[in-house]
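Coordinate-derived values only; no laboratory data. All figures in this text were calculated on a predicted structure; none of them were measured in a lab. Neighbour counts are summed over all protein chains in view; Cβ atoms, including those assigned to glycine, are modelled from backbone coordinates with ideal geometry.
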Amino acid sequence: MQRKMILNGTMLDYKLYRRNTGKIIISIKLDGEVHITAGKKARISDIEKFIREKEDFIFSAREKRFNSKSNMNLNCNFNAGEKYNLWGEDYEIALKKSKLSKVIKEKEFLTFYCEDVENYNLKKNLMEKFADNERKIVFENLSEKVYNDMKDKIGNKPIIKTRKMNNCLGVCHYKSGFITMNKNLINYPLNVSNYVMYHEYIHFIYPNHGKDFYNMLEKYVPDYREIDEIIYN
């Protein structure tokens, strides 16, 4: 349920979920969206009183999310000289008028070839197509590497899918045989995607986050704790 309230003079939109719980839980998603989980009989007045008590946490967490790597390219207008981040590396945008319609990654440049180099929507669409291809190549290569490490433990190679997700960077659908990788991973260093791929593959062996899961994760990604710092800070 989508709701609104005034918090410290600001209109706050939040999503309210009713569950069989005696607690009120606040979570801030990667895009800054506020989710509240509360008991089915909890009164709105009590829920919003709790939200007001957590005001400092909410605004601090949202600021972190809005400034996170997952949102770092949102203000790019694809003008010459602007920076665009891919896999943790900054690339300078270059424009070349051409009948071709494509983006090429060349050393430290992302070069846009198109007839109308001033057309933002055209360049945005070209960037989305380029980014989708980048993700496909990187995720398939990582999957091949990880599968070769684990194929004697998991059987068939999982299918890799991508989509934007608000609250996680990867999901293992171990019963259905596929892994979903968050599109926003393209904004993080490559070792983060490597970590996420191992993390999700290991869930085919250990579906939960128990001791055995983390022992195996540490075997393949010894620095996973440091990578968590990259993701959440």
At a threshold of 8 angstrom on Cα-Cα distance, excluding pairs fewer than six apart, so keeping six or more, what relative contact order does the chain reach in percent?
12 percent
In region 85-158, the trypsin sites (Lys or Arg not before Pro) that fall in loop regions by DSSP, at most 10 other Cβ within 10 Å:
Lys99, Lys107
Specify whether the C-alpha gyration tensor of region 152-232 places it in the rounded, prolate or oblate class, a ≥ b ≥ c being the square roots of the eigenvalues: rounded for a/c under 1.5, otherwise prolate if a/b is larger than b/c and oblate if not.
oblate
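Taking K and R as +1 and D and E as -1, what net charge do the other residues with C-beta under 12 Å from the C-beta of Lys54 add up to?
Numbers: positive: Lys49, Arg52, Arg62; negative: Glu48, Glu53, Glu55, Asp56.
Residues close to Lys54 contribute a combined charge of -1.
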In this structure, among Lys23/Lys54; Lys105/Lys183; Lys83/Lys124; Lys15/Lys136, pairs with alpha-carbon gaps over 24 Å are Lys15/Lys136
Would you please give the residues with an amide H less than 5 Å from that of Gly170, counting only those at least 5 places away or on a separate chain, with H modeled from the backbone geometry?
Asn182
Long-range amide H partners of Ile24, meaning residues 5 or more apart or on another chain whose placed amide H is closer than 5 Å, are none
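Let's test the formula: R0 of 22 Å, r as the Cβ-Cβ distance of Asn191 and Asn215. What FRET efficiency results, to the nearest 0.05? Mind showing how you got there, number by number?
Details: r = 20 Å, r/R0 = 0.91.
Approximately 0.65, to the nearest 0.05.
Calculated FRET efficiency, Gln2 and Asp152, Cβ-Cβ r, R0 45 Å, to nearest 0.05?
Values: r = 47 Å, r/R0 = 1.05.
Efficiency computed from Cβ-Cβ geometry: 0.40.
With the cut-off at 1.5 for a/c, could you classify the chain from its C-alpha gyration tensor as rounded, prolate or oblate?
Values: a/c = 2.30, a/b = 1.20, b/c = 1.92.
Oblate is the answer for the chain, as a/c is 1.5 or above yet b/c matches or exceeds a/b.
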Using the Karplus curve 6.51 cos²θ - 1.76 cosθ + 1.60 with θ = phi - 60°, what ³J(HN,Hα) values do you get for each residue of region 36-41, in whole Hz, with x for Gly and Pro?
10, 10, 9, x, 5, 9
Using modelled backbone amide H atoms (1.01 Å from N, in-plane), which distant-in-sequence or interchain residues come within less than 5 Å of Thr162's amide H?
Met181
Looking only at lysines whose Cα falls under 20 Å of Lys175's and that sit 8 or more positions away or on another chain, we get Lys151, Lys153, Lys157, Lys161
Under the rule that an exposed site lies in a DSSP loop and has at most 13 other Cβ atoms within 10 Å, name the longest stretch of the chain with no GluC sites (Glu not before Pro) of that kind, not counting the sites themselves.
119-233
Once you have the Cα-Cα distance between Arg225 and Tyr206, take 0.36 nm times their residue separation minus that, and quote the gain in nm to one decimal.
5.0 nm
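Length gain on complete extension for the stretch Asn125 to Ser45, per 0.36 nm per residue less the alpha carbon to alpha carbon distance? List each step's numbers first, then the result.
Details: separation 80, 0.36 × 80 = 28.80 nm, distance 4.48 nm.
Difference between extended and current length: 24.3 nm.
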For region 85-100, in order, what is each residue's ³J(HN,Hα) by Karplus, 6.51 cos²θ - 1.76 cosθ + 1.60 with θ = phi - 60°, in whole Hz (x at glycine and Pro)?
9, 10, 6, x, 10, 8, 10, 8, 7, 10, 10, 9, 6, 7, 6, 6
